Amino acid sequence: MFDWLFKDEWFPKFDWNWGYTWEIIPRLLEATLNTIIAAGAGYAIALVFGLFLALAQRSKSRALTFIVRELVEFVRSTPLLLQIFFIFYVGPQVGITLSPWVSGMITIGLHYSCYLSEVYRGGIESVPKGQWEAATALNMSTLQTYKRVVIPQAIPPAIPGMGNYLVGIFKDTPMLSVIGVAELIHTANAIGSETWRYLEAYTLVGIIFLALSLPAAGFIRAFESFVRRKLGM
Amino acid sequence: MSLFEFISQYWPRLLSGTGITVAQFLLSSVVAIILALIFALMKMSSNRLVKGAAVTYIEIFRGTSLLVQLYWIFFVLPLFGLTLEKFTAGYIAIGMNAGAYGAELVRGGIMSVPRGQWEAALAINMSSAKRMWRIILPQAVGIMLPPWGNLLIEILKGTALVSLISVTDLMFQAKQINASTYLSAQIFGTALIIYYIIARFMFTPFMRWFEGFMARKLGKA
């Protein structure tokens with residue numbers, strides 16, 4: 001289709017092979033599914049654990065707040081790649097042996113939970129103080145206040161941030177290839193080392209990422225306005 | 001082996017790795033800042049072609065993984081006749097990736113400079129280039145410094161990926177030492193702490209100082 005664009009005299013080493021491309025697409029699509037599963041599971045961990053981190057930073061105990069705050073800062077300012085290695089290699093030394101899959105999803109989930117805790121915190125802090133006072137006046141318990149009053153109002157402003165990190169976690173899954181999780185880059189590397197052709201595999205991986213993350217970003221924007229309308233904001 | 005013994009034995013390799021990491025960080029930051037400025041201005045252009053080029057660049061680099069971009073630049077670009085050395089490929093890839101995110105920050109910063117400033121510069125007959133350089137950008141820098149601080153931390157973390165194309169940075173050294181000694185906790189723990197020290201106790205205070213410096217320059221402190 002684009003053969004006219006790549007004349008041999010321009011790029012002598014560039015030879016896109018369509019037959020080969022169709023051959024590797026099924027393998028890459030399978031790997032795409034793995035990538036989505038890894039990102040989804042990691043995100044689920046991050047959503048739940050991030051909420052705990054956010055609530056812990058709001059607790060009355062100064063020590064707890066300080067420790068969690070420092071932990072979040074530490075995780076946010078060190079490379080995910082290094083954290084993946086750390087959990088995967090140090091775990092067995094202290095008696096926790098995890099498969100690459102589990103270890104990878106836990107690491108990426110914990111990493112992003114620190115980012116999500118900041119998003120939750122911002123959302124919770126955006127709820128006006130009067131709402132808390134009104135809930136107290138109605139004799140609601142803290143749990144009830146969070147569940148019925150604060151969290152529903154904290155979610156809409158948090159959605160853009162939560163959505164960005166969903167796309168972010170998806171784009172960070174290639175790092176799991178270093179411990180042998182069979183996601184897109186891992187598969188592309190395997191294909192490349194079998195045939196010594198990297199052009200098609202890496203280019204397709206890039207296209208697959210674009211094809212998934214651009215619509216996801218649009219979907220998140222639509223979802224945010226949907227939630228806002230639902231809650232009458 | 002205790003942590004102290006460990007460090008006293010391996011500090012030369014850790015130090016040289018840290019040096020490479022810092023070099024990668026500084027070079028990628030420079031590339032990112034220059035690209036962010038160029039593409040932000042291009043995206044604000046009224047020429048459709050220029051604007052389209054900037055939007056395409058930003059969406060491609062924000063829509064794919066840094067690791068994919070790095071591998072593509074290192075393994076595929078040579079087929080187009082452009083072979084980069086691994087060290088160069090590393091900071092170019094990270095800089096191009098962060099530049100796409102930075103372009104949106106620069107654009108946001110420029111847009112949030114009050115309209116009156118634009119009009120005043122026009123009223124005293126400044127050319128548009130001079131207006132941008134002397135009036136708008138300095139104020140925009142003041143506005144966008146905090147998000148740039150976060151982006152530069154992301155760049156620092158991104159430099160760990162260059163170890164995967166065997167640039168001998170801190171991450172690479174840590175992996176090598178781990179492979180030959182199996183002292184995983186010591187080596188990966190030490191590397192984590194080194195990254196943390198660079199980010200938290202060297203870079204963050206510098207950004208605080210720089211934010212204060214800009215605020216004073218702009219007469220806001």
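The values are calculated or read from the model by the stated rules, or taken from the named source; none is laboratory data. Owing to the predicted nature of the structure, the values given are computational and were not obtained by experimental measurement. Every residue, glycine as well, gets a Cβ built from its backbone with ideal geometry; the counts of neighbours run over all protein chains shown.
Being closer than 30 Å to A:Ala56 by Cβ and either surrounded by fewer than 18 Cβ atoms within 10 Å (Cβ to Cβ) or in contact with a Leu (Cβ under 9 Å, 6 or more places away or on another chain) (or both) is true for just one of A:Ile179, A:Ile155. Which residue is that? First the steps, then the outcome.
Numbers: A:Ile179 fails: either surrounded by fewer than 18 Cβ atoms within 10 Å (Cβ to Cβ) or in contact with a Leu (Cβ under 9 Å, 6 or more places away or on another chain) (or both).
Residue meeting the stated conditions: A:Ile155.
In summary, B:Thr83 fulfils each of the numbered conditions (1) in a helix (DSSP H, G or I); (2) out of contact with any helix residue (DSSP H, G or I) (no Cβ under 7 Å at 6 or more places or on another chain); (3) farther than 21 Å from B:Leu151 by Cα with the single exception of condition (1). Annotation note: of A:Val94, A:Val149, the sole residue that is of a type in the set (Val, Ile, Thr), surrounded by 14 or more Cβ atoms within 10 Å (Cβ to Cβ) and more than 25 Å from the chain's Cα centre (by Cα) is A:Val149.
Does the range B:199-216 contain any residue that is out of contact with any Asp or Glu (no Cβ under 7 Å at 6 or more places or on another chain) and under 25 Å from A:Pro92 (Cβ atoms)? I'd like the intermediate steps shown before the answer.
Of all residues in the range B:199-216, those out of contact with any Asp or Glu (no Cβ under 7 Å at 6 or more places or on another chain) come to B:199, B:201-216.
Next, only the ones that are under 25 Å from A:Pro92 (Cβ atoms) stay: none.
No, the range B:199-216 contains no residue that is out of contact with any Asp or Glu (no Cβ under 7 Å at 6 or more places or on another chain) and under 25 Å from A:Pro92 (Cβ atoms).
Among the candidates B:Ile38, B:Ile124, B:Ile73, B:Ile94, the residue that is modelled with pLDDT of 90 or more, more than 14 Å from chain A (Cβ to nearest Cβ) and surrounded by 13 or more Cβ atoms within 10 Å (Cβ to Cβ) is uniquely B:Ile38. Listed by first and then second residue, the pairs with beta-carbon distance under 6 Å, at least 6 apart or on different chains, first residue in the range B:43-65 and within 14 Å of another protein chain (Cβ to nearest Cβ) and within 18 Å of B:Ala32 (Cβ to Cβ), second among the hydroxyl-bearing types (Ser, Thr, Tyr) and in a helix (DSSP H, G or I), are B:Gly63/A:Ser213. The set of residues in the range A:215-233 that are among the hydrophobic types (A, V, I, L, M, F, W, C) and either loosely packed, with under 12 Cβ neighbours inside 10 Å or more than 19 Å from A:Glu183 (Cβ to Cβ) (or both) comprises A:Ala217, A:Phe219, A:Ile220, A:Ala222, A:Phe223, A:Phe226, A:Val227, A:Leu231, A:Met233.
Would you check if there is a residue in the range A:217-227 being in contact with a Ser or Thr (Cβ under 9 Å, 6 or more places away or on another chain), within 11 Å of chain B (Cβ to nearest Cβ) and touching a residue at least 40 places away in the same chain (Cβ under 8 Å)? Checking the range A:217-227: not a single residue is in contact with a Ser or Thr (Cβ under 9 Å, 6 or more places away or on another chain), within 11 Å of chain B (Cβ to nearest Cβ) and touching a residue at least 40 places away in the same chain (Cβ under 8 Å). A:Asn164 passes every criterion in (1) surrounded by fewer than 16 Cβ atoms within 10 Å (Cβ to Cβ); (2) in contact (Cβ under 8 Å) with a residue 40 or more places away in the chain; (3) more than 11 Å from chain B (Cβ to nearest Cβ) apart from (3). Within the range A:57-110, the set of residues being away from every other protein chain (no Cβ under 13 Å), more than 26 Å from B:Leu164 (Cα to Cα) and assigned to a helix (DSSP H, G or I) comprises A:Arg62, A:Ala63, A:Leu64, A:Thr65, A:Phe66, A:Ile67, A:Val68. Among the conditions (1) more than 14 Å from every other protein chain (Cβ to nearest Cβ); (2) free of Cβ contacts under 8 Å to residues at least 60 places away in the same chain; (3) over 29 Å from B:Val162 (Cβ atoms); (4) surrounded by fewer than 21 Cβ atoms within 10 Å (Cβ to Cβ), the only one that A:Gly123 does not satisfy is (4).
Can you confirm whether the range B:138-156 contains a residue that is without any contact (Cβ under 8 Å) to a residue 12 or more places away in the chain, on the phi < 0 side of the Ramachandran plot, within 13 Å of another protein chain (Cβ to nearest Cβ) and assigned to a helix (DSSP H, G or I)? Break it down stepwise before answering.
Residues of the range B:138-156 without any contact (Cβ under 8 Å) to a residue 12 or more places away in the chain: B:150.
Applying the additional criterion that residues be on the phi < 0 side of the Ramachandran plot yields B:150.
Subset that is within 13 Å of another protein chain (Cβ to nearest Cβ): B:150.
Checking which are assigned to a helix (DSSP H, G or I) leaves us with B:150.
Yes - at least one qualifying residue is present in the range B:138-156.
Remark: pairs (first residue in the range B:207-218, in contact (Cβ under 8 Å) with a residue 12 or more places away in the chain; second residue outside any helix (DSSP H, G or I); Cβ separation under 6 Å; 6+ apart in sequence or on different chains) = B:Ala215/B:Ala221. Pairs are defined by a Cβ separation below 6 Å, a sequence spacing of at least 6 or placement on different chains, a first member in the range B:165-176 that is outside any helix (DSSP H, G or I), and a second member that is small (Gly, Ala, Ser); the pairs so defined are B:Val167/B:Gly90; B:Asp169/B:Gly17; B:Asp169/B:Ser163. Residues in the range B:149-178 that are buried (at least 22 other Cβ atoms within 10 Å of the Cβ) and among the hydroxyl-bearing types (Ser, Thr, Tyr): B:Thr159, B:Ser163. Restricting to the range A:175-216, count the residues that are facing another protein chain (nearest Cβ under 8 Å), of a type in the set (A, V, I, L, M) and without any contact (Cβ under 8 Å) to a residue 24 or more places away in the chain. Within the range A:175-216, residues that are facing another protein chain (nearest Cβ under 8 Å), of a type in the set (A, V, I, L, M) and without any contact (Cβ under 8 Å) to a residue 24 or more places away in the chain number 3.
Yes or no, residue by residue, for (1) out of contact with any helix residue (DSSP H, G or I) (no Cβ under 7 Å at 6 or more places or on another chain); (2) farther than 30 Å from B:Thr21 by Cβ:
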| residue | (1), (2) |
| --- | --- |
| B:Arg48 | yes, yes |
| B:Tyr57 | no, no |
| B:Ile60 | no, no |
| B:Gly63 | no, no |
| B:Gln69 | no, no |
| B:Thr88 | yes, no |
| B:Ala93 | no, no |
| B:Arg115 | yes, yes |
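Of the residues that make up the range B:100-108, is at least one out of contact with any Asp or Glu (no Cβ under 6 Å at 6 or more places or on another chain), in contact (Cβ under 8 Å) with a residue 60 or more places away in the chain and of a type in the set (Lys, Arg)? Checked against the condition, which is being out of contact with any Asp or Glu (no Cβ under 6 Å at 6 or more places or on another chain), in contact (Cβ under 8 Å) with a residue 60 or more places away in the chain and of a type in the set (Lys, Arg), the range B:100-108 yields at least one hit.
Scanning the range A:140-159 for residues that are touching a helix residue (DSSP H, G or I) at 6+ places or on another chain (Cβ under 6 Å) and over 18 Å from A:Val48 (Cβ atoms) returns A:Thr145, A:Val149, A:Pro156, A:Pro157.
Would you be able to say whether some residue in the range B:183-202 is within 10 Å of chain A (Cβ to nearest Cβ), surrounded by 13 or more Cβ atoms within 10 Å (Cβ to Cβ), at pLDDT below 90 and outside any helix (DSSP H, G or I)? Yes, because at least one residue in the range B:183-202 is within 10 Å of chain A (Cβ to nearest Cβ), surrounded by 13 or more Cβ atoms within 10 Å (Cβ to Cβ), at pLDDT below 90 and outside any helix (DSSP H, G or I).
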